[in-house]
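First the structure, in the form of structure tokens, and then the observations on it.
The values are calculated or read from the model by the stated rules, or taken from the named source; none is laboratory data. Keep in mind the model is a prediction, meaning the values are calculated, not measured. Backbone-built Cβ (ideal geometry, glycine too); neighbour counts: all protein chains shown.
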Amino acid sequence: MLSGMLLATPPLARDLRARLQELDELRLSLGQASHRPARWMGTVRRLLQASVVEGSTAIEGFHVSTEETLALLAGDEQAQPGEEDRLAVACYGRAMDHVGTMAADPAFGWLDRVILDLHFDACWFQVQASPGLWRTGPVGITGGDGRLVYQGPDAREVPGLMLETVRWLQEGDLDAHVVVRAAMAHLHLISIHPFRDGNGRVSRIVQSLVLARDGLLSPAFGSIEEYLGENTPAYYAALQDAHGERYETGRDVTSWVAFCIDAHLAQARRRLAQIEAAGSRWSLLEDLVRGRGWPERLTIALERSLLGGSSRGLYAKEAEVSSATATADFRRLLDAGLVVQRGQGPSTRYHASEALRASVEAH
């Protein structure tokens, strides 16, 4: 710690150190698996990126289907003014792209502008959130019954607290495990509540950036937004237990760190299982394509149709074929009853038929 202005990173008991050791082994296996030079890993990354964005925005009450999320993140669709849910997803995706860039920057350094810019990325569509600016008034969190459950520090304290947070991110507790530092970064931001709105989103984005700067895993494989989105009541309870009813730096936040470690353990196991399942699915589709004497590239079209659907343009780009060839490939799959067409013209998308899904599920 650099000063008493921030919550202290707790010492870890033997049981938590043992769970971190187990997590390190899982993260190492996941890192090796995620860097596998397999054709189907691109689809896995897209799906997991979508799950990160979906999970985090759903916590804030923004709900978009996986199919729409994939299309928005790929740039295949554009969110329009007034489409709050779709704008939240598109903006969060942009913020996570920014995370990926900063994670790879060898000259990166933590600055208050880093956090402010991530807030701008994620919240620019919400004028009332004052995107990219610290709040200038009071802020609190209310429970489902309308009762105030947390009061953030006075707005006049926010610039100093955030300066201290940035100093901590750059220099503090560097010998702590990266998962612990990421959990504490999340807690520092959510406890200070430096913005009028979007504090949860930015706290989770900064947590992902701390993890991504570690270099072992990309945010798609190393972040826990999906777990938090699926376990939101437990997530909120862990935060409430950690920061109490108002900002107090003397609190013991071990329970929050333990919650995050368990979330990482669950998420890492899930990611490894998803990678294994993706490899098995790709092999099955390869066999199907090979058995019909079709070009190998149609495996890409079939996999995309199973996982959120595909447009001709996206398929043509990934398969490195012309638009005319992509159209002919999907016509072949339509005639074989393996995909179905939805929409017309530029909005046309192709989705796996029930027959194809049943065949995949049977194996």
Q.
I'm checking my understanding of the structure. Among residues of the stretch 210-244 that are assigned to a loop (DSSP other than H, G, I, E, B) and among the polar types (S, T, N, Q), which one is surrounded by the most Cβ atoms within 10 Å (Cβ to Cβ)?
A. S223
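Let's see how each residue does on (1) under 30 Å from S280 (Cβ atoms); (2) surrounded by 16 or more Cβ atoms within 10 Å (Cβ to Cβ):
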| position | (1), (2) |
| --- | --- |
| A18 | no, no |
| E22 | yes, no |
| R27 | yes, yes |
| Q32 | yes, no |
| P37 | yes, no |
| S51 | yes, yes |
| S65 | yes, no |
| T69 | yes, yes |
| D85 | no, yes |
Q. Can you find a residue in the stretch 137-159 that is in the same structural domain as L23 (by TED's automatic domain parsing), among the hydroxyl-bearing types (S, T, Y) and within 22 Å of G4 (Cα to Cα)?
A. yes
Q) Hey, does the stretch 12-26 have a residue that's at pLDDT 90 or above, within 26 Å of V253 (Cβ to Cβ) and not in a helix (DSSP H, G or I)? A) yes
Q) Can you pull out the residues in the stretch 190-235 that are in contact with a Ser or Thr (Cβ under 9 Å, 6 or more places away or on another chain) and among the charged types (D, E, K, R)? A) R196, D197, R201, R204, E225, E226
Q. Can you name every residue in the stretch 245-267 that is assigned to a helix (DSSP H, G or I) and among the aliphatic types (A, V, I, L, M)?
A. V257, A258, I261, A263, L265, A266
Q.
Quick check on Y236: is it without any contact (Cβ under 8 Å) to a residue 24 or more places away in the chain and hydroxyl-bearing (S, T, Y)?
A. yes
Q) Would a scan of the stretch 43-54 turn up a residue that is over 27 Å from A129 (Cβ atoms) and of a type in the set (V, I, T)? A) yes
(Q) So if I check each of A90, A103, which one is out of contact with any His (no Cβ under 9 Å at 6 or more places or on another chain), surrounded by 15 or more Cβ atoms within 10 Å (Cβ to Cβ) and either aromatic (F, W, Y) or under 30 Å from S255 (Cα atoms) (or both)? (A) A103
Q | Residue tally, condition within 23 Å of the chain's Cα centre (by Cα) and part of a helix (DSSP H, G or I), over the stretch 119-166 | A | 8
Q | Positions within the stretch 167-204 being assigned to a loop (DSSP other than H, G, I, E, B) and either under 22 Å from Q21 (Cβ atoms) or under 17 Å from the mean Cα position of the chain (by Cα) (or both), in sequence order | A | D173, L174, D175, A176, H177, G198
Q | Which listed residue is under 30 Å from G31 (Cβ atoms) and either in the same structural domain as S65 (by TED's automatic domain parsing) or out of contact with any Ser or Thr (no Cβ under 8 Å at 6 or more places or on another chain) (or both), from S322, S359, S310 | A | S310
Q: Restricting attention to the stretch 75-106, report how many residues are assigned to a loop (DSSP other than H, G, I, E, B) and either within 27 Å of R312 (Cβ to Cβ) or in the same structural domain as R312 (by TED's automatic domain parsing) (or both).
A: 7
Q. Is it the case that A212 is within 23 Å of H35 (Cβ to Cβ) and modelled with pLDDT of 95 or more?
A. yes
Q. Pick from Q207, Q274: which is closer than 28 Å to R17 by Cβ, part of a helix (DSSP H, G or I), among the polar types (S, T, N, Q) and free of Cβ contacts under 8 Å to residues at least 60 places away in the same chain?
A. Q207
Q: Report those helices (runs of 4 or more DSSP H) wholly inside the stretch 295-344 carrying at least 1 residues which are closer than 19 Å to L48 by Cα and at pLDDT 95 or above.
A: 298-306
Q) Which residues, counting only those in the stretch 245-256, are of a type outside the set (S, T, Y) and surrounded by 15 or more Cβ atoms within 10 Å (Cβ to Cβ)? A) R251, V253, W256
Q: Output the number of the condition that P106 fails; it satisfies all remaining conditions of (1) more than 18 Å from the chain's Cα centre (by Cα); (2) closer than 21 Å to S311 by Cβ.
A: (2)
Q: Return the only residue of T136, T165 being under 21 Å from P219 (Cβ atoms) and either touching a Cys at 6+ places or on another chain (Cβ under 6 Å) or of a type in the set (S, T, N, Q) (or both).
A: T165
Q: Could you tell me which of the residues Q151, Q128, Q170 is of a type outside the set (V, I, T), touching a strand residue (DSSP E or B) at 6+ places or on another chain (Cβ under 6 Å) and surrounded by fewer than 17 Cβ atoms within 10 Å (Cβ to Cβ)?
A: Q151
Q) How many residues does the stretch 345-358 hold that are at pLDDT 90 or above and not in a strand (DSSP E or B)? A) 6
